[in-house]
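Shown next, in structure tokens, is the structure this report addresses.
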Amino acid sequence: MLDFSGKKVLVVGGSSGIGNGIAQAFRARGAAVTVWGTRASTADYDGVEGSDLSGLTYAKVDASNRDDVDRETALISALDVLVLCQGTVRYNREEFERPGWDAVMEVNITSVMDVARGLKAALAADGGGSMIIVSSVAGFGATIGTPAYAASKHAAVGLTKTLGAAWARDGIRVNGLAPGLVETKLTHVTTRNEKRLAGALRGIPQGRMGTPEDMAGVAMFLASPLASYVTGQTIIADGGLSLQ
């Protein structure tokens with residue numbers, strides 16, 4: 001059920017972090033995996049924490065640039081799995097101001113819809129495919145210092161429901177994954193601060209951070225025949241954090 005041999009997978013934001021873990025998991029199970037990232041070439045990711053591009057096809061695409069998205073999506077005629085894992089955040093209360101707000105919303109929600117729209121036909125080809133929108137546990141609560149991040153993740157959960165309903169008759173299953181605390185470049189403000197990390201871990205019943213591999217397991221389930229009757233749902237993978 002988790003054999004993706006012969007399947008075509010695209011992971012947007014798959015050059016590092018959670019997206020990279022998901023991309024490598026699909027590759028390890030036989031899929032031909034392409035990842036989009038913002039750097040010029042794979043060499044630019046050498047030494048980058050959480051980045052392993054071995055065995056993956058790489059394309060430089062800024063998902064928040066509509067010209068880039070239009071160009072690249074036009075090249076894809078058939079796709080089995082699309083994982084939308086692009087994301088950003090602005091700390092130091094930058095998101096309360098218009099430039100910070102706009103930058104985060106552009107990446108975290110507008111680009112998600114742009115890519116989904118551009119690849120709908122490719123996902124519908126050959127009997128239909130699976131789309132997974134990676135949001136966050138923040139999509140079910142509040143993040144006091146980052147309003148655009150929280151709003152965009154709530155929007156991503158809502159978009160998952162709406163596209164799940166709207167595109168089901170096209171053979172496309174749209175579902176979501178909401179990670180909790182996973183160490184990536186976006187969470188270093190917590191994970192590399194001993195005091196903050198200790199406080200965060202106290203709020204997680206499992207007592208540990210998640211890993212990209214934890215998130216990959218959920219993504220593969222959602223893309224597999226095991227989830228063939230699951231549509232429009234976002235699975236929270238947070239070690240129990242949201243239960244508190």
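Checking each residue in segment 36-68 for being surrounded by 18 or more Cβ atoms within 10 Å (Cβ to Cβ) and under 16 Å from V107 (Cβ atoms) picks out W36, G37, V61, A63, S64, D68. From the list A23, A63, the lone residue that is of a type in the set (A, V, I, L, M, F, W, C), modelled with pLDDT of 95 or more and in contact with a Ser or Thr (Cβ under 7 Å, 6 or more places away or on another chain) is A63.
Restricting L163, L197, L222, L186 to those that are in a helix (DSSP H, G or I), over 18 Å from L82 (Cα atoms) and hydrophobic (A, V, I, L, M, F, W, C) reduces the list to L197.
Contact map, segment 111-130: first residue surrounded by fewer than 17 Cβ atoms within 10 Å (Cβ to Cβ) and of a type outside the set (S, T, N, Q), second residue modelled with pLDDT of 95 or more and part of a helix (DSSP H, G or I), Cβ cut-off under 7 Å, separation 6 or more or different chains; pairs are M113/L159; G128/D170. List every residue pair whose Cβ atoms sit under 6 Å apart, with the two residues 6 or more apart in sequence or on different chains, where the first one lies in segment 227-243 and is in contact (Cβ under 8 Å) with a residue 24 or more places away in the chain and more than 18 Å from M209 (Cβ to Cβ) and the second, anywhere, is part of a strand (DSSP E or B) and small (G, A, S). Every condition considered, the pairs that remain are T234/G176; T234/A178. Applying the condition of being assigned to a helix (DSSP H, G or I) and free of Cβ contacts under 8 Å to residues at least 60 places away in the same chain to segment 23-35 and asking which residue is surrounded by the most Cβ atoms within 10 Å (Cβ to Cβ) yields R27.
The values are calculated or read from the model by the stated rules, or taken from the named source; none is laboratory data. Note that the structure is a prediction, hence the values are computed from the model and not measured. Every residue, glycine as well, gets a Cβ built from its backbone with ideal geometry; the counts of neighbours run over all protein chains shown.
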